[in-house]
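Below is one structure, written out as structure tokens; the observations come after it.
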Amino acid sequence: MEFGIWSNGFRPHTSPAQTYEEDLFEIILADKLGFRDAYISEHHGEAVYLDKVDTLPVPELLMCKAAALTKNIRMGAAIKIAHLQHPVDVAIQAAVTEHLVGKGRFIFGFGSGVPTAVFSEERGLSFEDRHERLAESLELIMKCWTSTEPFDWNGKHWKGKGIVATPRPASEPHMPMATATDSDGMIKFCGENGHTLLSAFLEPAARLRVKSETYCAAAEAVGRKNPRQNISVSKYIYLADSKEEAIEDLRPSANYELSFQAKRGLLHFARTVYKLPIAGDTITIEDMVNGGCYTIGTPDEVTEQIIRHYEESGGFGTLLLIAGKSWATREKRARSMTMFMDKVAPRLRGLDAGN
């Protein structure tokens, strides 16, 4: 098993610059500790966030700065909402980012994003067509990356004449790709093409198992070996000297975020997917811990919970720790990440999803 972080930024509003510095600190630390990957969420503004939460809508810019401050860690968006921009611009931005971050260190993460219409409507686009638009976007992006001469594109959703997309990616035919999706069609597409399947942090093991089986069946049908190694699973993970200490460390920041996420659909998800007995319109850290949504506590407790999730989900190749939160203090977050790599990771590395 390999390890990484998923910088799913949610920090109370100070200034974007300060928030990005905290994100950079965690990515730099992850690189020093030996985490292989850092996925960074693309978060756009929503009315509920105005002057309350800092967002990072262009994670590629953060990656370019982080690349100059790190040595080995790979970076990618989780995910770039590719259907919101013209595919020619998406293709060019990704290629430039790979050249700046470094060949072998950039992953093109893509997807349709959370199922809310606001981001499409802000740009005068149809929300209902987003999956179809994304599929066409990927076709045009691939054409941009591989074409050696100008070309025209006359698709249903995108048009272009005399397209010249330079530079082409540093990798041939393109950099590694990854997606987080609930669409069976996209899961199969990624399995067939060897793209990494990202599992979001609140996904229960039973739901992950179903998606993984769809992904693996598609991969194996075209001759790909050990596809479970290409599944990356993220979890809320925080270590302390006791479970009680962990809860108290996380309580202020977690409850602050949960108050926003409740308004964005988390209550419905918790009740219907996790079957949590939540009354009213609030959700607390105790609800998340008791429901198994947060993996926190001592190294022994965390290891046991991760192995259980691994076995119940059918196995996966990479575990991503959720970062980008104002949990506790910077020092305690660093201690948690260090404890994980020192005391938990060695007990998980032997898990081989290919067997």
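So which residues in segment 218-234 are closer than 17 Å to residue 178 by Cβ and among the charged types (D, E, K, R), if there are any at all?
Residues satisfying the conditions are 224, 228.
Select from segment 218-246 the residues that are buried (at least 20 other Cβ atoms within 10 Å of the Cβ) and either within 15 Å of residue 296 (Cα to Cα) or touching a strand residue (DSSP E or B) at 6+ places or on another chain (Cβ under 6 Å) (or both) and list them in ascending order.
Result: 230, 231, 232, 233, 234, 235, 236, 237, 238, 239, 240, 246.
State all residues of segment 296-310 that are in contact with a Leu (Cβ under 9 Å, 6 or more places away or on another chain) and either among the charged types (D, E, K, R) or under 21 Å from residue 256 (Cβ atoms) (or both); if no residue qualifies, say none.
Of everything in segment 296-310, those that are in contact with a Leu (Cβ under 9 Å, 6 or more places away or on another chain) and either among the charged types (D, E, K, R) or under 21 Å from residue 256 (Cβ atoms) (or both) turn out to be 296, 301.
List the pairs whose first member sits in segment 242-266 and is over 17 Å from residue 12 (Cβ atoms) and at pLDDT 95 or above, whose second member is among the hydrophobic types (A, V, I, L, M, F, W, C) and surrounded by 15 or more Cβ atoms within 10 Å (Cβ to Cβ), and whose Cβ atoms are under 8 Å apart, counting only residues at least 6 apart or on separate chains?
Cβ pairs passing all conditions: 243/289; 243/296; 246/239; 246/240; 246/296; 247/285; 247/289; 247/296.
Go through segment 303-321 residue by residue and tally those that are at positive phi and over 21 Å from the mean Cα position of the chain (by Cα).
Of segment 303-321, the ones at positive phi are 314-315.
Still in the running and over 21 Å from the mean Cα position of the chain (by Cα): none.
Summing the residues that are at positive phi and over 21 Å from the mean Cα position of the chain (by Cα) in segment 303-321 gives 0.
For segment 108-136, which positions are among the aliphatic types (A, V, I, L, M) and over 29 Å from residue 98 (Cα atoms)?
Passing the criteria: 117, 118.
Within segment 60-70, is there a residue that is within 28 Å of residue 163 (Cα to Cα) and polar (S, T, N, Q)?
no
Could you run through segment 207-241 and say how many residues are touching a residue at least 60 places away in the same chain (Cβ under 8 Å) and either more than 20 Å from residue 331 (Cα to Cα) or among the aliphatic types (A, V, I, L, M) (or both)?
Total satisfying the criteria: 18.
Tell me, yes or no, whether segment 169-187 has at least one residue that is surrounded by fewer than 21 Cβ atoms within 10 Å (Cβ to Cβ), at pLDDT 95 or above and hydroxyl-bearing (Ser, Thr, Tyr).
yes
Go through (1) within 26 Å of residue 228 (Cβ to Cβ); (2) surrounded by fewer than 20 Cβ atoms within 10 Å (Cβ to Cβ) one by one and return the number of the condition residue 289 breaks.
Every condition holds for residue 289 apart from (1).
Restricting attention to segment 124-159, report how many residues are small (Gly, Ala, Ser), surrounded by fewer than 19 Cβ atoms within 10 Å (Cβ to Cβ) and in contact with a strand residue (DSSP E or B) (Cβ under 9 Å, 6 or more places away or on another chain).
1
Might you check whether a residue that is small (Gly, Ala, Ser), part of a strand (DSSP E or B) and within 21 Å of the chain's Cα centre (by Cα) occurs anywhere in segment 332-351?
no
Looking at segment 53-68, can you tell me whether even one residue there is within 30 Å of residue 265 (Cα to Cα), among the β-branched types (Val, Ile, Thr), within 17 Å of the chain's Cα centre (by Cα) and surrounded by fewer than 22 Cβ atoms within 10 Å (Cβ to Cβ)?
So far as segment 53-68 goes, yes, one or more of its residues are within 30 Å of residue 265 (Cα to Cα), among the β-branched types (Val, Ile, Thr), within 17 Å of the chain's Cα centre (by Cα) and surrounded by fewer than 22 Cβ atoms within 10 Å (Cβ to Cβ).
Which of the strands (runs of 3 or more DSSP E) found entirely inside segment 1-101 contain at least 1 residues meeting this: farther than 25 Å from residue 233 by Cβ and in contact (Cβ under 8 Å) with a residue 24 or more places away in the chain?
In segment 1-101, 2-12 are the strands (runs of 3 or more DSSP E) which contain 1 or more residues that are farther than 25 Å from residue 233 by Cβ and in contact (Cβ under 8 Å) with a residue 24 or more places away in the chain.
Pairs please, first residue from segment 129-156 and of a type in the set (Ser, Thr, Tyr), second anywhere and buried (at least 22 other Cβ atoms within 10 Å of the Cβ), Cβ atoms under 6 Å, 6+ apart in sequence or on different chains.
137/82; 137/83; 137/87
State the number of residues belonging to segment 102-119 that are at pLDDT 95 or above and not in a strand (DSSP E or B). Don't jump to the end; show me each part of the working.
Going residue by residue through segment 102-119, those that are at pLDDT 95 or above are 102-110.
Retained after the next criterion (residues that are not in a strand (DSSP E or B)): 102-105.
Going through segment 102-119 one residue at a time, the tally reaches 4.
Checking residue 164 against (1) among the hydrophobic types (A, V, I, L, M, F, W, C); (2) surrounded by fewer than 22 Cβ atoms within 10 Å (Cβ to Cβ); (3) touching a helix residue (DSSP H, G or I) at 6+ places or on another chain (Cβ under 7 Å): exactly one of these is not met. Which one?
(3)
For segment 83-98, check the following and say yes or no: at least one residue is charged (D, E, K, R), crowded, with 16+ Cβ neighbours inside 10 Å, at negative phi and in contact with a helix residue (DSSP H, G or I) (Cβ under 7 Å, 6 or more places away or on another chain).
In the first step, residues of segment 83-98 are kept if they are charged (D, E, K, R); the result is 89, 98.
Filter once more, keeping what is crowded, with 16+ Cβ neighbours inside 10 Å: 98.
This time we only want the ones that are at negative phi, so: 98.
Next, from what is left, pick out any that are in contact with a helix residue (DSSP H, G or I) (Cβ under 7 Å, 6 or more places away or on another chain): none.
Among the residues of segment 83-98, not one is charged (D, E, K, R), crowded, with 16+ Cβ neighbours inside 10 Å, at negative phi and in contact with a helix residue (DSSP H, G or I) (Cβ under 7 Å, 6 or more places away or on another chain), which makes the answer no.
The values are calculated or read from the model by the stated rules, or taken from the named source; none is laboratory data. Note that this is a predicted model, so its numbers are computed, not measured. So basically every Cβ, Gly included, is an ideal-geometry build from the backbone, and we count neighbours across all protein chains shown.
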